[in-house]
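The values are calculated or read from the model by the stated rules, or taken from the named source; none is laboratory data. Just so it is clear, the model here is predicted, and its values are computed rather than measured. Every residue, glycine as well, gets a Cβ built from its backbone with ideal geometry; the counts of neighbours run over all protein chains shown. Ligands, DNA and RNA are stripped out before the accessible areas are found, and what is left, the full protein with its side chains, is counted by its heavy atoms. Shrake-Rupley method; radii C 1.70, N 1.55, O 1.52, S 1.80 Å.
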Amino acid sequence: MAGVTGRLVRGWCLRAVRSSLQVPAQLHMSKTAMGASQKDFESAVNQMKLLKKDPGNEVKLKLYAHYKQATEGPCNTPKPGVFDLINKAKWDAWNALGNLPKETARQNYVDLVSGLSSSSDSSSQVKPEADRKQAGYETLVMTSEDGITKIMLNRPTKMNALTTQMYQEIMLALEAASKDDSTITVLTGNGSYFSSGNDLTNFVISPDELEERARRGAILLRDFVGCFIDFPKPLVAVVNGPAVGISVTILRLFDLVYASDRATFHTPFSHLGQTPEACSSYTFPSLMGPAKAAEMLIFGKKLTAAEACARGLVTEVFPDSTFQKEVWTRLKAYSKLPRNALRISKQMIRNHEKEKLHAINAEESRILQERWQSDECMNAIMNFLSRKAKL
Ligand SMILES: CCCC/C=C/CC(=O)SCCNC(=O)CCNC(=O)[C@H](O)C(C)(C)COP(=O)(O)OP(=O)(O)OC[C@H]1O[C@@H](n2cnc3c(N)ncnc32)[C@H](O)[C@@H]1OP(=O)(O)O
């Protein structure tokens, strides 16, 4: 079962890349003065079709981008819509190559494929356990087993603070999980924290970049939260330790939230000159009442796991010493339930609110775009970075 799940997860993007890597019939067989010849390039394209092991999303995006650049030149097609995640990631990768010359792109493509072929030649010794891990994520560990796809935030030395790359990888991981044959998807953290929220070094930029970075940050935030609003299968948060900021507000978009009794829940938005996100300006008051929501979202009160459970944000709290064992036993049992029934029931519960949540998400992102450019926010970030402030 685990093997089938793994193959399907890997098949998702590999198919997409392969179909975009068909060799056009009109390719000429000319040799360039420097770098890879057209023939080398074509044979690399053919080699890709025979590749047995999924090289991972990041490499596939690089291959796609260099193939397009080598055959069509700089990206000049319209940018896909924000919810067309796969095509948008592909477009972004191609567009990022700017005016890279076709010859260089061709050479890079050949080099990439040759690196992959040599590593796949030696892959026959890979242990089955490692085989369950999905390649291609730098900031996450993604595994699929026993009907459960697990996405684990993997920056333990930075308390799993969320970088731009991490938001993007989580979106790709959710997209893959939504299409694989697992029953349940889980998000958890590696190390002592679930997540310390947005990585505050995302804000380390020069003043002339601020407006553009705030604009891009708002789009990223809207897309990221949108993936959770639309996620079609039961989604479970396994909150292994403290959670801060967006890693708290996003929890209301999960179907189950299991927390260790070591976890705390903290949204210090005002301290950072910021405002609520992930639809929490609507979901928290409706969940716990406006007064309790204000305590968290306006005044930054930190809750224990038991308090978060009493307010309905957490489904159940477990002693830290038995947390992993109890939670995974429970989830493995749930993952054996009929998959389609779970999925349809989830959608019945969530569909009523979807449109409203997307509108709130867009508005919260717009307001944050302004906040990120404020002196209040900049001063708070500088204080954190110069360690004058700790939460
Ligand atoms: C585009 C979408 C935007 C969405 C917006 C979301 C809003 C939010 O999420 S607001 C919340 C932002 N998070 C914070 O304000 C937390 C800041 N971190 C802390 O206050 C503390 O680090 C901590 C209380 C989480 C942990 O303190 P502790 O003493 O145990 O450990 P540290 O030594 O501070 O941390 C270890 C290491 O990790 C770095 N780090 C931790 N959290 C963050 C973070 N959020 N951003 C950047 N870096 C973080 C910390 O700097 C340390 O790094 P060094 O070892 O290199 O010093």
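Please report the carbon-and-sulfur percent of the accessible area for region 171-250; probe 1.4 Å, protein heavy atoms only, DNA, RNA and ligands left out.
Values: 1210 of 2300 Å².
Ligands and nucleic acids excluded, carbon and sulfur reach 53 percent.
Which entries of 150/179; 233/292; 88/150; 62/179; 158/292 have Cα-Cα distances beyond 18 Å here?
Details: 150/179 14 Å; 233/292 29 Å; 88/150 24 Å; 62/179 22 Å; 158/292 30 Å.
In this structure, 233/292; 88/150; 62/179; 158/292 exceed 18 Å between Cα atoms.
Keeping the other protein chains in place, figure out the carbon and sulfur percent of the accessible area of region 266-391, with a 1.4 Å probe. Mind showing how you got there, number by number?
Working: 4210 of 7190 Å².
Taking all protein chains in place, region 266-391 shows 59 percent carbon and sulfur surface.
Relative to one another, the C-alpha centroids of region 267-294 and region 208-238 are positioned 17 Å apart. Between residue 373 and residue 114, the simple label model (points 7 Å from Cα in the Cβ direction) yields a spacing of 4.8 nm. About its Cα centre, region 188-276 has a charge dipole of approximately 220 debye under the convention of +1 per Lys or Arg Cβ and -1 per Asp or Glu Cβ, with nothing else charged.
Positive contributions from Lys and Arg (+1) and negative ones from Asp and Glu (-1), summed over other residues with Cβ under 14 Å from the Cβ of residue 101, come out at +1. Taking the centroid of alpha carbons for each part, region 162-189 and region 40-56 are 26 Å apart. The accessible area of residue 386, taken with all protein chains in place and a 1.4 Å probe, comes to roughly 70 Å². For the pair residue 310 and residue 47, label points projected 7 Å from Cα toward Cβ lie 6.3 nm apart.
Residue 384 sits with roughly 60 Å² accessible to a 1.4 Å probe, with DNA, RNA and ligands left out of the calculation. What residue among 171, 214, 156 has its Cα farthest toward the positive end of the dipole of region 123-238, where the charges are +1 on Lys, Arg and -1 on Asp, Glu, each on the Cβ? Comparing the listed Cα positions along the dipole, 156 ranks first.
For the pair residue 337 and residue 216, label points projected 7 Å from Cα toward Cβ lie 4.2 nm apart. Mean separation of Cα pairs under 8 Å and 6 or more residues apart, divided by the residue count, gives region 129-231 a relative contact order of 28 percent.
Which whole-number percent gives the relative contact order of region 204-266, counting Cα pairs below 8 Å spaced six or more residues apart? List each step's numbers first, then the result.
Values: 52 pairs, mean separation 20.4, N = 63.
The normalised contact order for region 204-266 reaches 32 percent.
These residues, 352, 358, 66, go from largest to smallest accessible area, 1.4 Å probe, as 352, 358, 66.
The candidates 346, 39, arranged from most to least accessible area with a 1.4 Å probe in the full protein assembly, appear as 39, 346.
Pull out a ≥ b ≥ c, the square roots of the eigenvalues of the alpha-carbon gyration tensor of region 297-391, then state rounded if a/c is under 1.5, prolate if not and a/b is larger than b/c, and oblate in the remaining case.
Numbers: a/c = 2.90, a/b = 1.46, b/c = 1.99.
Judged from the Cα gyration tensor, region 297-391 comes out oblate (a/c at least 1.5, b/c at or above a/b).
Overall, the anisotropy analysis places region 34-74 in the oblate class: the square-rooted eigenvalues a ≥ b ≥ c of its C-alpha gyration tensor yield a/c not less than 1.5, with a/b not exceeding b/c.
Largest to smallest in accessible area, the residues 152, 166, 159 fall in the order 159, 152, 166 (1.4 Å probe, all protein chains included).
Annotation: per residue accessible area for region 284-359 equals 61 Å², rounded to a whole number [probe 1.4 Å, protein chains only].
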